[in-house]
Amino acid sequence: MAPNESRGVDRRSFLAGTACAAMAPLWPMSALSSSDASVREFSLSAGQAQVPLVGAPHPDTPVWCYNGSVPGPAIRVSQGERVRIHVENGLREDTTVHWHGVRLPNAMDGVPHLTQKPIAPGERFTYEFVCPDAGTFWYHPHQRSFEQVGRGLYGALIVAESSPPAVDRDVTWILSDWRLLKNAAISDDFGNMHDVSHNGRVGNTVTVNGRIRETFAVRAGERIRLRLVNAANARMFALEFAGHQPWIIAMDGQPVEPHVPEGNRMVLGPAMRADLVIDMRGKPGQRFTVTDAFYRGMAYRLLDLVYSDEVPVRTFADEPPVRLAANPLAEPDLKSAERHEIVFSGGMMGGMMSAMMDGKQTDIRTLMHNGLVWAVNGIAAKGHMLKPLLTLDRDRSYVLELVNDTAWHHPMHLHGHAFRVISRNGTPTQHREWLDTVLLDPRERAEIAFVADNPGDWMFHCHILEHQTGGMMAVVRVV
Ligand code: C2O
Ligand code: CU
């Protein structure tokens, strides 16, 4: 049992105390000022705030967040647009901002020490880049992210298609997970060894756009594009929409052949995104539950879709949504691709006896004294300044076989690129989806393929942030 489980409040007790079922506005206003027609400017200020995560009569929760809100402001731009984001650090520790999934120049990637000097308290840094791909992305710190993200620093980055699909509403749900104490404060046991060596910091309170939600209001006959972002440190989600059949139209921002999720469950590991199209085929006045059933025996109601009494907007023909236009990704040439195997090991029940740390073979006890329990090809990473695990030739195609030699799930994220998932456990994938974060089941193998077309040193790490800090991190260099 996690050290704080007994002290935590469960969601039900919070729900019982949640007085108001009305939807708060989904998005705070973003601090937008356009001084230059060709560049979209935004400002983000990381700092402390108090927010009603749980809602009355529970006290507000002290958080760290951007511009005083959880999530931070949604940054919305159009494909191909240049963005300039002024970041101010109002925290009492260093920070950076990483633009998760955006294929940007290395110097803008927000990795402390590796791509930039961390932003010290009171200092500023301006990020500027073009968003080459349309889709759903997000931003978060890369400095001590297991605590900074876990305290509320994250937001959506939405890049609009030049001709977006026809929907009645474009909605974003940022899913997050908190470990709260009875007074609704965040438990401060970040990075404890139990979380690091097991399945990460799975909390006791799930929020949608920074609040426990009771309901989400819909109207019969509307077609909704629902952008899901899993911003949790460690929690996986498997969403089931009772009475509805969502179509997946994009994963990690990248278009995919529209398809219904396997078993009608939308599985999202940390950092992963999915764009769904959901037709509201219920009748006026009806109510349907959205359940998260990822962890066996621990399913809970995320919220209810509540139909208004209005007459249906339309009656649906049984047609899947149209496929989104592809983003400008280079197609890997599998015949000429160079192949590498990357093995992930360690963790509880992993049987890891030793790993390389600071260039020396180190026994597991010493590793654990250094907070390390995970390894990538036998190397446990300490910090972001790492000797490259792989050095890839620019514009060459690569197939990486990812081998999960552990008893745990790992959402593996590569910076600066998107990759196709071409097989799992030796079986070709049906959709050959482009992702930036691939969820590996325990003991699973997956092959990913991509063209190494973005020069620089790129992180490749598990996005369970406790695993990342526990050594499950590497650098891939593209020269
Ligand atoms: Cu979303 Cu290296 O991170
Ligand atoms: Cu992991």
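General observations
- Against the criterion of being under 29 Å from residue 151 (Cβ atoms) and among the polar types (S, T, N, Q), residue 427 does not qualify.
- For the range 457-472, the candidate set comprises residues that are crowded, with 24+ Cβ neighbours inside 10 Å and among the aliphatic types (A, V, I, L, M); within that set, the residue that is nearest to ligand 1 (Cβ to nearest atom) is 465.
- Of the strands (runs of 3 or more DSSP E) lying entirely inside the range 102-208, those carrying at least 1 residues that are buried (at least 20 other Cβ atoms within 10 Å of the Cβ), among the aromatic types (Phe, Trp, Tyr) and free of Cβ contacts under 8 Å to residues at least 60 places away in the same chain are 124-130, 169-178.
- Where strands (runs of 3 or more DSSP E) fall wholly inside the range 384-479, the ranges with 1 or more residues that are more than 16 Å from ligand 2 (Cβ to nearest atom) are 390-392, 397-404, 419-424, 445-451, 456-462, 473-478.
- A single entry from 395, 405, 436 fulfils the requirement of being at pLDDT 95 or above, in contact with a strand residue (DSSP E or B) (Cβ under 7 Å, 6 or more places away or on another chain) and within 13 Å of ligand 1 (Cβ to nearest atom): 436.
- Answer from 103, 124, 92, 76 - the residue that is more than 30 Å from residue 183 (Cβ to Cβ), more than 20 Å from the chain's Cα centre (by Cα) and of a type in the set (D, E, K, R): 124
- Taken over the range 292-333, residues that are assigned by TED's automatic domain parsing to the domain that holds residue 247, open to solvent by 30 Å² or more (accessible area, probe 1.4 Å) and within 30 Å of residue 418 (Cβ to Cβ) amount to 2.
- Residue check, residue 268 within 16 Å of ligand 1 (Cβ to nearest atom), under 26 Å from residue 465 (Cβ atoms), aliphatic (A, V, I, L, M) and surrounded by 13 or more Cβ atoms within 10 Å (Cβ to Cβ): yes
- The residues in the range 40-98 that are closer than 19 Å to residue 111 by Cα, assigned to a loop (DSSP other than H, G, I, E, B) and among the aliphatic types (A, V, I, L, M) can be counted, and the count is 2.
- Checking 368, 349 one by one, the residue that is farther than 15 Å from residue 445 by Cα and within 16 Å of ligand 2 (Cβ to nearest atom) is 349 and no other.
- Selected residue (only one of 477, 432, 445 is open to solvent by 20 Å² or more (accessible area, probe 1.4 Å) and closer than 17 Å to residue 392 by Cβ): 477
- Total residues in the range 346-376 satisfying the condition of being at negative phi, free of Cβ contacts under 8 Å to residues at least 40 places away in the same chain and outside any strand (DSSP E or B): the figure is 7.
- Boolean, residue 317 is small (Gly, Ala, Ser), assigned to a loop (DSSP other than H, G, I, E, B) and touching a strand residue (DSSP E or B) at 6+ places or on another chain (Cβ under 7 Å): no
- Residue check: residue 277 meets all listed conditions (1) open to solvent by 40 Å² or more (accessible area, probe 1.4 Å); (2) over 21 Å from residue 207 (Cβ atoms); (3) under 21 Å from the mean Cα position of the chain (by Cα) but one, namely (1).
The values are calculated or read from the model by the stated rules, or taken from the named source; none is laboratory data. It should be emphasised that the depicted structure is a prediction, and the values quoted were computed from it without experimental measurement. We place every Cβ from the backbone using ideal geometry, glycine too, and count neighbours over all the protein chains shown. Only protein heavy atoms, including side chains, enter the accessible area calculation; ligands, DNA and RNA are left aside. Shrake-Rupley method; radii C 1.70, N 1.55, O 1.52, S 1.80 Å.
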